[in-house]
Amino acid sequence: MAKEALMPYEQAIEQFEVVIGLEVHVELNTKSKMFCGCANIFGNEPNTNVCPICIGLPGSLPAVNKKAVESSIAIGLALGCQIAPTGRFSRKNYFYPDLAKNFQTSQYDEPIAFEGKINIELEDGVVFEVLIERAHMEEDAGKLTHIGGATGRIQGAEYSLVDYNRAGVPLVEIVTKPVYGAGARAPELAAAYVHAIREIVKSMNVSDARMERGNVRCDANVSLRPHGQAKLGTRTETKNVNSLRSVENAVRYEIQRQAHILANGGTITQETRHWHEDRGYTSAGRPKSDADDYRYFPEPDLVPVQPSLAWIEEIRATLPENPGLRRKRLMEAWGFAELEFRDVVNSDLLDQVEATVAAGAAPQAARKWWTGELARLANSQEVAVQDLSITPAQVAKIQQLIDSGELTDRMARDVVAGVLAGEGDPEAVIEKRGLKVVSDDGALIAAIDEALAKQPDVLEKIREGKVQAAGAVIGAVMQAMRGQVDAARVRELILERAK
Amino acid sequence: MSDLIHKSASELADLIASKSVSSQEVTSAFFDRSVELNPKTNSYLYLNRDTAIAAAKAADAALANGEKLSPLHGVPIAVKDNLTTTDAPTTSGSKILEGWVPQYDATVVARLRKAGLPILGKTNMDEFAMGSSTEYSAYGPSKNPWDLTRIPGGSGGGSSSAVSGHLAPIAIGSDTGGSIRFPAAVTGSVGAKPTYGAVSRYGLIALASSLDQIGPVSNTVLDSALLQDVISGHDKHDSTSLPQSLGSMADAVRSADVKGLRVGVVKQLDSDAFQPGVKACFDDTIAKLVAAGAEVVTVDCPSFEYAIAAYYLILPAEASSNLAKFDSVRFGLRVTPDGNPTIERVMAATREAGFGPEVKRRIILGTYALSSGYYDAYYGSAQKVRTLIQQDLAKAFSQVDVLLTPTAPTTAFKIGEKVNNPLAMYLNDIATIPANLAGIPGMSVPNGLAFEDGLPSGVQILAPAMQDAQMYRVGSIIEQMYLAEWGAPLIAQAPKLEVL
Amino acid sequence: MSEITPDLVRHLASLSRILVTDEEVATLAGELNVIVDSIAIVTQAVKGDVLATSHPIPMANVFREDVVEPSLTQESALSAAPDSAEGRFRVAAILDEE
Ligand SMILES: [Mg+2]
Ligand SMILES: [Zn+2]
């Protein structure tokens, strides 16, 4: 298996209309699994978060996690969907060793949410509307590891090992309607869409949304048809494309691959395909003749889910602002330069800056703390800046003390260090470390006189108009006062002496 | 104390509670008899003296401390082998589960333990409860204590033969289409299928999830009532379990009164399809009720004609999915074919070797009923028939308190008589299936011996959903009428198993 | 006579992961035809609009709270497995070698 012949991208777009469809699986961050009380935790020892239910022991029965239903409804609402007044679970029957019961408990004809839409903004500001067909609840499968063979891949493996820790983790599968009209920008749109879903579920705190852990996974459907043709072309479904870059590249690859086949009179096989991240191509999955017949039927062990209007509205009230709209609002409110704002967004510090501003700091000052000193400290401690043990309110308090002249910049950095070291609130740190701007001019004047005595020519120079000469004395005074004075005040006093 | 084994569970419970006899003595008596006679009846697949006696000792100790854990405290019990038990293998009558010791107890098993009932052992059954005779057990058929050449009914023939042969005073069964009631009828014992959801299914190896229900098997109506009271009640592990209590069945039995009783006879289940001797027993029951002052009317349930067809679509469909988990990965048998087979081939070879012919037949039938192109016509229509049956029953129950039918079309047939004719086997359930499709309670109470063969017959009592108490009340009325005639329960007329 | 052909039986057996010999296919096709013929009457039972009943006792909104409960130990989880290694269930390779 290797790369197939491709048509140059521009030529493919010229000759064909691209239609994409995206299925995104979002793992919810509930405490327990979808149908049992096992912990929903990533990275534990294999088969330690399992029970009779999630390893499908005979006799066991599922019970629906209420929080997972709430999160699913919330996701539906965030995507502008309608919430089904009555929905139910169904069994999707197929044999696979990572599927403990050899059926997946999912939703089929009655998904919890349907008919939504979201606007996706590309980097240059162009907006595409993506229609959502449905969002439904289901459970994740276990994890297979293929042992032996050259690569640890499924091909050529001698045997496989199954860990069911992930089996039964709640998933919401979000399915778009076919997306038309993106043209050359289809790959970019696909990635932007996945990014937007990720951002939304993260802002709602219903998923950890870490793609590298598989919290958000994408299946990308691609089909081509000659411009003007009404009938949709045959599509392929590229499974488990698990980074934004891969989504873009996989869609682009499929466009070029299918275009080459169609242009040479070939036909596209309807199949699932696998994306090879390392080498950047898709390959045909195993043709699964019988996998097409999943024999769905209503799950008899579970009763219907009928969310009341009151419950839905209660959930709607907890929804955070749409991340895109929020960004737009904050950028306007803060008046940052585009680059400054992007820096905050890319460092994932919107929440921190917003909270710091809300606690009273000026937007620019708040930004500088988080993207500057605090980011630097986090970096040196090898932790995420969000995980530093300082709150936006504490940052705002420190800034306020600077603004009122009670702290110098250098002292403020000391206070931050104290807060991070667990010495308490800024006030407590100031107290403990004896960090007070000296406001008693008597002591200050004595220090200035002492410094001036050591540099007698300075006053003369100032009187001659060389005001910058004061700098040498300011430095000496600051040193003598151990930094606990306001440099501007020192300068003021020196200039006064020179009069 | 050998007469202990002929006592009812409630009598034994009273003796134990008054410390006239210990649970350990009672448990030993049944255990010793089981060890001796099980080779004749094949009622049990597994007997464990150590765990049974340990539980009996614990029950005695509790009682010595003044703790009576339930009205059946100390009474030993047999449990059908499709309920998971952490201290005994659980096979569901199948080779594919041979030797599996579950990692958890079924809710019903946990409740029995908590109520102080020592578990004697696990009883035989048709493989995965698919059958009406136990002939589809992978471990050989159980025998009817009335005639060892005949079947004890199925799928719960192990439990019915154990109780009617006095190898256990009471037992647990499960009923998907009649698997408690049919065995009760053909062994002269009592068996009840509660309202769907009254007893938790958690830990019951599923046959058809929307039809399965666990229930009691006993020699008296009161014993079944007492047992249902012990095992029923809401369970958060079973999402279909009823949130509310249905009240005390034992109280209903003790306060039974025929006054004002209205009884319905279903037109569609009063036909020549029944063996004349069975029909005669049924007519006798109705005559007795009329004589006692009950009002009897004929009710029309036209959709019952479709019940068997609907049942044999819904059951295999759900079963085909429920039995998919038997794949050789996490538990149970694994058969690895020669060469270097893939997991797919290992699974297929395991299921080929581990499942018996009836199980394979039903899995394939169910797969067919659910497959695309057939779903609407078969599974879809069958689910609609359930609605029609519920509508018919609602109408009938607007006129009467309970419906009565013969439980089974025939008395116990000979082992081997129907085993190669699945369709004939399916017809045994003609009167019992509607209750499962509709979720209503049904029980079988002995009502005499058929004149042709001298074998037991049973009358089935059906009540509206949630009105299990009404069913027990009428069961008790009928039992009392016959006790007045026979002087002792029907089971007393059974031949002595020891000399058979 | 219904349409249970030997090929359909083979397909259904494959969907249900049951190995069947040609002999079994022939037997099963015969038996299933008889059964299906007798149960096909359900298709005539329903006239007009009738709701399907998938649960005999209607209930809705039965949930559990999102609370973690004890899991099995790894040892217990694997205790009944025909084969295991490295704390996991061991199974034969999933694909034939290419
Ligand atoms: Mg899915
Ligand atoms: Zn679990």
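Nothing in this text is a laboratory measurement; each read-out follows from the coordinates by a stated rule. These numbers were taken from a predicted model, which means no experiment stands behind them. Methodologically, a virtual Cβ is constructed for each residue, glycine included, from the backbone with ideal geometry; neighbour enumeration extends over all protein chains shown.
Return the Rg/Rh ratio of segment B:305-381 with Cα-based radii and a Kirkwood Rh. Expressed as Rg/Rh, it is 1.08. If the Kirkwood radius is taken over C-alpha pairs of chain C, then at 10 °C and 1.306 mPa s the Stokes-Einstein diffusion coefficient equals 81 µm²/s. Under the criterion of Cα pairs below 8 Å and six or more residues apart, the relative contact order for chain A equals 15 percent. Peptide packing: for B:409-415, B:120-126, the average count of neighbouring Cβ atoms within 10 Å per residue gives the ranking B:120-126, B:409-415, highest mean first. Projecting label points 7 angstrom from Cα along Cα→Cβ for B:Thr298 and A:Asp457 puts them 13.3 nm apart. Note on chain A: Cα-Cα pairs beyond 38 Å make up 45% of the total pair count.
Taking the DSSP beta bridges with both ends in chain B, the antiparallel portion is around 65 percent. Remark on A:Cys38: its backbone amide H falls under 5 Å from those of A:Lys33, C:Glu69, a criterion applied only to residues 5 or more positions apart or on other chains, H modelled at 1.01 Å from N.
Ranking B:Pro169, B:Thr149, B:Val101 by Cα position along the charge dipole of segment B:30-184, where only Lys, Arg, Asp and Glu carry charges on their C-beta atoms, puts B:Pro169 farthest toward the positive end. Segment A:453-490 and segment B:338-383 have Cα centres spaced 93 Å apart. Projecting the Cα atoms of A:Val162, A:Gln352, A:Thr30 onto the charge dipole of chain A (Cβ charges, centred on the Cα centre) puts A:Val162 farthest toward the positive pole.
For B:Gln275, the shell of other residues with beta-carbons less than 12 Å away shows a net charge of -2, using +1 for Lys and Arg and -1 for Asp and Glu. Dipole magnitude for segment A:9-316: about 400 debye, using +1 per Lys or Arg Cβ and -1 per Asp or Glu Cβ, origin at the Cα centre. With all pairs of separate Cα atoms included, the protein assembly as shown yields a Kirkwood hydrodynamic radius of 33.5 Å.
Peptide B:304-313 is shielded by partner chain Cβ atoms: per residue, an average of 4 of them sit within 10 Å of its Cβ.
Give me the inter-chain shielding for B:233-240: mean count of other chain Cβ atoms within 10 Å, whole number please. Mind showing how you got there, number by number?
Details: counts 0, 0, 2, 5, 9, 5, 15, 10.
Mean shielding count: 6.
Can you show me the helix-derived [θ] at 222 nm for chain A, built from DSSP H runs with n ≥ 4 at -39,500 (n - 2.57) apiece and divided by the number of residues, rounded to the nearest 500. The partial results should precede the final answer.
Numbers: 17 runs with 187 residues, N = 499.
Taking each H run of at least 4 residues, the total per residue is -11500 deg cm²/dmol.
Rounded to two decimals, the Cα radius of gyration of segment C:6-45 over 2.2 N^0.38 Å is 1.31.
For a protection proxy built on the mean count of beta-carbon atoms within 10 angstrom, sort B:230-237, B:378-385, B:169-176, C:79-86 highest first, please. Let's see the in-between values first.
On the way: B:230-237: 20.5, B:378-385: 24.9, B:169-176: 30.2, C:79-86: 16.5.
Highest to lowest by the protection proxy: B:169-176, B:378-385, B:230-237, C:79-86.
The Cβ shell under 13 Å around B:Asp14 holds other residues with a net charge of +1, Lys and Arg each +1, Asp and Glu each -1. Since only A:Gly424, A:Gly442, A:Ala470 are under comparison, the one whose Cα sits farthest along the positive direction of the charge dipole of segment A:341-495, derived from C-beta charges on Lys, Arg, Asp and Glu, is A:Ala470. Note that segment A:360-367 has calculated 3J(HN,Hα) couplings of x, 7, 5, x, 5, 5, 4, 4 Hz, one per residue in order, obtained from phi through the Karplus relation 6.51 cos²θ - 1.76 cosθ + 1.60 (θ = phi - 60°); glycine and proline are x. Of A:Lys33/A:Lys143; A:Lys92/B:Lys418; A:Lys101/B:Lys236; A:Lys66/B:Lys395, which ones are farther than 26 Å apart at the Cα? A:Lys92/B:Lys418; A:Lys66/B:Lys395, as the Cα separations exceed 26 Å there.
For the residues of A:87-94, the average number of beta carbons from a partner chain within 10 Å of their own beta carbon is 3.
Can you check what the net charge comes to around A:Gly424, using other residues whose Cβ is under 10 Å from the Cβ of A:Gly424 (Lys, Arg +1; Asp, Glu -1)? List each step's numbers first, then the result.
Values: positive: A:Lys432; negative: A:Glu423, A:Asp425, A:Glu427, A:Glu431.
Local net charge: -3.
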